[in-house]
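Chemist: Provided herewith is a single structure, encoded as structure tokens, for subsequent inquiry.
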């Protein structure tokens with residue numbers, strides 16, 4: 001009898017490794033049948049780095065965060081409803097598995113590694129003037145940004161189009177997996193690193 005716990009009861013995380021050493025301790029691959037803690041640890045600082053990585057994607061799909069100065073909260077696709085986000089992510093993983101014939105969690109983890117920006121630009125004030133300054137991005141923020149860009153990119157490419165959100169999310173993750181510039185996350189990563197390079 002197979003007693004191994006699999007994500008969504010379908011996909012194993014055995015043998016999946018994180019090649020980026022900076023992210024290794026922050027991408028948790030301990031599977032859950034139902035990846036949902038219900039924000040039980042929301043008040044604990046940095047505790048999200050101990051949560052299964054698929055659950056963190058589900059949380060971002062529910063509340064995708066700011067883009068520019070606008071907070072992306074919409075109806076249907078991103079309502080903050082956990083069961084809706086859960087189903088959307090599972091269907092997106094089904095599409096990834098069908099297209100690649102690979103474990104979708106392995107593809108997803110590699111996509112995060114490819115899309116996580118290494119440097120960012122902050123603004124510092126010196127003598128009454130503001131200057132851009134390049135800084136290294138912490139591992140937890142790198143993952144947060146990659147997940148945010150996946151959710152926002154999928155929403156942007158499916159809004160008012162015939163493409164479903166699940167198809168758009170699967171496409172976004174696959175493009176990031178292949179380091180394709182058609183991925184919103186990859187394009188944002190290149191943009192932030194280019195700006196950081198210019199601000200040295």
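The values are calculated or read from the model by the stated rules, or taken from the named source; none is laboratory data. Computed from a prediction, not measured in an experiment: that's the story for all the values here. When we count neighbours, we look across all protein chains shown, and the Cβ atoms used for this are built from the backbone with ideal geometry, even at glycine.
Chemist: Tell me, which helices (runs of 4 or more DSSP H) wholly within segment 46-123 include 1 or more residues that are at pLDDT 90 or above and under 29 Å from residue 196 (Cβ atoms)?
Modeler: 53-62, 104-115
This table checks each residue for (1) surrounded by 10 or more Cβ atoms within 10 Å (Cβ to Cβ); (2) assigned to a loop (DSSP other than H, G, I, E, B); (3) in contact with a helix residue (DSSP H, G or I) (Cβ under 7 Å, 6 or more places away or on another chain).
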site: 15; (1), (2), (3): no, yes, no
site: 20; (1), (2), (3): yes, yes, yes
site: 23; (1), (2), (3): yes, yes, yes
site: 30; (1), (2), (3): yes, yes, no
site: 34; (1), (2), (3): yes, yes, no
site: 38; (1), (2), (3): no, yes, no
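Chemist: Working only within segment 114-140, note down all residues that are free of Cβ contacts under 8 Å to residues at least 12 places away in the same chain and within 24 Å of residue 47 (Cβ to Cβ).
Modeler: Scanning segment 114-140 gives a single hit, 138.
Chemist: Look at residue 163 and say whether it is in a helix (DSSP H, G or I) and either under 18 Å from residue 49 (Cα atoms) or more than 13 Å from the chain's Cα centre (by Cα) (or both).
Modeler: Answer is no for this residue.
Chemist: Just one of 194, 130 is modelled with pLDDT under 90 and in a helix (DSSP H, G or I); which is it?
Modeler: Result of the check over 194, 130: 194.
Chemist: For segment 1-13, name all the residues that are part of a loop (DSSP other than H, G, I, E, B) and under 17 Å from residue 102 (Cβ atoms).
Modeler: 6, 8, 10, 12, 13
Chemist: Just one of 91, 99 is out of contact with any helix residue (DSSP H, G or I) (no Cβ under 6 Å at 6 or more places or on another chain), more than 23 Å from residue 26 (Cα to Cα), surrounded by 13 or more Cβ atoms within 10 Å (Cβ to Cβ) and in contact (Cβ under 8 Å) with a residue 24 or more places away in the chain; which is it?
Modeler: Only one candidate qualifies: 99.
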